[in-house]
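Colleague: Below is a structure I'd like to ask you about.
The values are calculated or read from the model by the stated rules, or taken from the named source; none is laboratory data. Quick caveat, the model's predicted, so the values are computed rather than measured. Here the Cβ positions follow ideal geometry from the backbone for every residue, glycine too, while neighbour counts run over all protein chains shown. Remember, those area values only see protein heavy atoms, side chains included, never the ligands or the DNA or RNA. Shrake-Rupley method; radii C 1.70, N 1.55, O 1.52, S 1.80 Å.
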Amino acid sequence: MIHFKILTLFPELFPGPLAASITGAALTKKLWSFAAINIRDYAKDKHQTVDDTPYGGGAGMVLKADVIAEAIENSRSTQHEARSTNENSRSTKHEARSTKFVYLSPRGKVFNQKMARELAKEEEITILCGRYEGVDQRVLDEFQIEEISIGDYVLSGGEIAAFVFIDAILRNISGVLGADESLSEESFGSEKNSAFKNLLEYPHYTKPQEWRGRKVPEILTTGHHKKIAEWRKEQAIALTKKIRPDLHQI
Ligand code: SAH
């Protein structure tokens, strides 16, 4: 079971949309778990200050390195204790390495399906959600946290990015999707089926066969599986060339 540890100033937002539908059912089935940790609980002063003005000037506030470090270290040790009582054979050192650390940030490497697939193999992922101008660089350097972006635009906080990130990872975990086939032919392809690698998905149709004068492509109603597969592949290639020529060249 994959575990997500989310460091955030808004823990009440979780699991939020992840509690619905496929990811929600997977949560109930214990195919994944999460802990939302409130960064503010680790503030040191009586006002529970988590941010301060940036050195060098400029607008906005920066999340403090010491507060975030405290949140990271504290949540780490709790996890070790919990695990070491359950699994005595594992050493604490090994546990410390078993969490993958990510800071969701517009500056990071852009998240994609391949990364989602790789990350789905992790045992635990710790996600740091920023707010305001972001976090003090030193805490990222100190804990060697990898920065991942969900796209080239700026959000107000890392929480919405975390929903996207977690959802995309969960779809790659066995049992989360109803039928494994629905994963193998999705946009961008999968590990099991390279036929759709770097391709967008072909169009889908359901009943009725005619709607507002628009008919379902005839081939799909023939029951000829091989020809249908060929048609879908052609459609996927044509769509990708038109909408995402950059992907098609990869
Ligand atoms: N000053 C920063 C932006 C801060 S936005 C900059 O220009 O790079 C506030 C927070 O939102 C960030 O700390 C990050 O956690 C989150 N965030 C914003 N855009 C994001 C994106 N594209 N991907 C992932 N996280 C993002």
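Colleague: Calculate log10 I(q)/I(0) of region 138-235 for q = 0.17 Å⁻¹, where I(q) comes from the Debye formula with a single equal point scatterer on each Cα and nothing for solvent.
Modeller: -0.98
Colleague: Turning to a different aspect of this structure: 7 Å from Cα along Cα→Cβ at both Ile228 and Glu73: what's the point-to-point distance in nm?
Modeller: Taking the simple label geometry, Ile228 and Glu73 are separated by 6.0 nm.
Colleague: Another question, if that's okay. By how many nm would the segment from Ala25 to Gln137 grow when fully extended, if each residue of separation counts as 0.36 nm and the alpha-carbon distance is taken off?
Modeller: On the way: separation 112, 0.36 × 112 = 40.32 nm, distance 3.75 nm.
Answer, rounded to one decimal: 36.6 nm.
Colleague: Moving on. On average, how much accessible surface per residue is there in the chain, in Å², for a 1.4 Å probe, leaving out ligands, DNA and RNA?
Modeller: Normalised by residue count, the accessible surface of the chain is 59 Å².
Colleague: Could you work out the longest stretch of the chain that avoids the trypsin sites (Lys or Arg not before Pro) located in DSSP loops with at most 12 other Cβ atoms within 10 Å?
Modeller: With trypsin sites (Lys or Arg not before Pro) excluded where exposed in loops, the chain gives 47-120 as its longest stretch.
Colleague: Taking every DSSP beta bridge that has both residues in the chain, what percent is antiparallel when rounded to the nearest 5? Write down the numbers at each step before the final one.
Modeller: Working: 5 of 29 bridges.
Roughly 15 percent of the DSSP beta bridges within the chain come out antiparallel.
Colleague: Between their Cα atoms, which of Lys30/Lys100; Lys29/Lys241; Lys121/Lys242 are more than 31 Å away from each other?
Modeller: From Lys30/Lys100; Lys29/Lys241; Lys121/Lys242, over 31 Å: Lys29/Lys241; Lys121/Lys242.
Colleague: Continuing with this model, one more query. In whole percent, and with a 1.4 Å probe on the protein chains, what portion of the accessible area of region 123-164 is carbon and sulfur?
Modeller: 47
Colleague: While we're here: Just the ratio, please: alpha-carbon radius of gyration of the chain over 2.2 N^0.38 Å, N its number of residues.
Modeller: 1.23
Colleague: Checking the a/c ratio against 1.5 first, then a/b against b/c, what shape does the Cα gyration tensor give for region 202-249?
Modeller: Oblate, since a/c reaches 1.5 and b/c is not below a/b.
Colleague: Of all the stretches in the chain, which is the longest one without any exposed loop site, taking GluC sites (Glu not before Pro) in a DSSP loop (any state but H, G, I, E, B) with at most 13 other Cβ atoms within 10 Å?
Modeller: 1-86
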